[in-house]
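Quick notes on the structure that follows.
The values are calculated or read from the model by the stated rules, or taken from the named source; none is laboratory data. Model, not experiment: these values are computed from the prediction. Positions of Cβ are generated from backbone atoms using ideal geometry, with glycine treated the same way; all protein chains shown enter the neighbour counts.
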Amino acid sequence: MAALGRRRPGLKRPPGGLIVDMDGVLYRGERPMPGVLEFFSLLRGRPFVLMTNNSTVSAADCAAKLGRMGVEVPPSSILTVADATVRYLAGAGLGGSRVLVLGSPALKASVAQAGVELVAVGSPADVVVMGLDRDFTYAALSHAVRLVAGGAALVATSLDAVLLTEDGAVPGTGALVAAVCACVDATPVCVGKPSPAMFEMASSLIGVPPQESLVIGDNLISDIAGGAAAGAHTALLLSGVSQDDFDAASEVKPDLVFPGLPELCVYLTESWGPSGSLGGR
């Protein structure tokens with residue numbers, strides 16, 4: 001099937017590289033999306049990076065998950081929001097700061113690499129980092145509110161309100177961050193998508209500038225808006241969060257729209273052509 005969306009005037013050349021969301025695009029929970037094997041077969045030898053706003057996993061975890069689906073991707077080709085958080089904290093000169101991390105063990109282990117002092121709930125902190133926390137408690141919420149009200153910086157790995165699973169949607173990091181912001185006037189720094197910085201990190205990993213890259217995602221707010229803000233072209237797959245009500249749901253418009261990976265594969269095959277050239281190079 002051809003693209004359902006309208007191309008922007010600037011989208012005239014085949015993409016030089018792909019920046020690909022994972023949850024809702026490649027899989028949902030432990031279930032691979034239709035066409036995932038064909039998609040990665042098409043990417044063989046081409047520049048791509050996978051991205052996720054899921055702060056509970058490492059790049060190695062994601063690579064292992066794809067491996068169980070029959071797809072071999074090295075961790076070096078995966079950028080997680082935990083990795084992006086480390087880069088943000090290090091770049092913001094927060095080394096040595098006291099940091100309360102409300103999130104998974106994987107996020108805490110990553111943040112520790114930024115040269116900060118991790119503290120427990122109940123302790124003073126200069127920064128509150130919030131990720132997906134399946135053990136989130138009222139006590140943790142209360143302490144985070146008091147810290148932020150007292151001047152601590154609030155850093156969110158993402159503002160995604162929901163996370164798609166095999167059983168349906170569950171609260172995402174954004175829902176937990178919203179609980180804090182409902183209690184205290186604060187504007188969190190979002191490190192993950194839709195932050196353009198994360199897309200720029202992804203572009204640097206594949207050596208292709210955003211303007212020559214195609215961002216593929218299922219979420220208008222995090223994937224499509226973030227990719228466009230970084231200067232990349234965007235393709236929305238109606239296999240996840242946004243689905244086919246995107247026109248009414250948001251003013252954000254992707255360059256291309258596809259029902260799922262099989263239709264995207266048709267477009268990429270036609271775009272790249274039989275010669276296998278990348279971006280006209």
* To do: Would you mind finding the one in Ala178, Ala152 that is out of contact with any strand residue (DSSP E or B) (no Cβ under 7 Å at 6 or more places or on another chain), at pLDDT 95 or above and not assigned by TED's automatic domain parsing to the domain that holds Leu268?
  => Ala178
* Asked: Only one of these conditions is not met by Val71: (1) modelled with pLDDT under 95; (2) surrounded by fewer than 22 Cβ atoms within 10 Å (Cβ to Cβ); (3) within 22 Å of the chain's Cα centre (by Cα). Which number is it?
  -> (1)
* Asked: Is it true that Gly172 is over 16 Å from Met22 (Cα atoms) and not β-branched (Val, Ile, Thr)?
  -> no
* To do: May I ask you to list the residues in the stretch 41-80 that are over 21 Å from Ala161 (Cα atoms) and touching a Gly at 6+ places or on another chain (Cβ under 9 Å)?
  => Gly45, Arg46, Pro47, Phe48, Val49, Val73
* Using the structure shown, decide if Ala112 is more than 19 Å from Asp21 (Cβ to Cβ) and surrounded by fewer than 22 Cβ atoms within 10 Å (Cβ to Cβ). => yes
* **helices (runs of 4 or more DSSP H) enclosed by the stretch 207-281 - at least 2 residues per element that are modelled with pLDDT of 90 or more** => 225-229, 261-272
* **Leu141 vs. criteria closer than 25 Å to Ala225 by Cα and either at pLDDT 95 or above or among the hydrophobic types (A, V, I, L, M, F, W, C) (or both)** => no
* Asked: Considering only residues of the stretch 172-200 that are touching a residue at least 60 places away in the same chain (Cβ under 8 Å) and assigned to a helix (DSSP H, G or I), which is farthest from Asp223 (Cα to Cα)?
  -> Leu176
* Which residue, of Leu107, Leu100, Leu164, is surrounded by 19 or more Cβ atoms within 10 Å (Cβ to Cβ), not assigned by TED's automatic domain parsing to the domain that holds Asn219 and not in a strand (DSSP E or B)? -> Leu107
